[in-house]
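Quick notes on the structure that follows.
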Ligand SMILES: [Zn+2]
């Protein structure tokens, strides 16, 4: 799933992915990441903090 111009940081294109923690969206341009699945609340901290790019 691709979300055009959905990145709040750079207005880039965001793609939906899934990892062991649930679904998330990642910007193809700047690497900004946003969690989608909030029900898996153990690791509820913003994913963006784990991956500081640019
Ligand atoms: Zn971006």
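The values are calculated or read from the model by the stated rules, or taken from the named source; none is laboratory data. None of these values were measured; they are calculated from a predicted model. Neighbour counts run over all protein chains shown; Cβ positions are idealised from the backbone, glycine included.
Suppose we keep only residues that are more than 9 Å from the ligand (Cβ to nearest atom) and in a loop (DSSP other than H, G, I, E, B) within segment 1-33. Which one would you say is surrounded by the fewest Cβ atoms within 10 Å (Cβ to Cβ)?
20
Which of the residues belonging to segment 16-52 are on the phi > 0 side of the Ramachandran plot and modelled with pLDDT under 90?
Listed by number, the list holds a single entry, 22.
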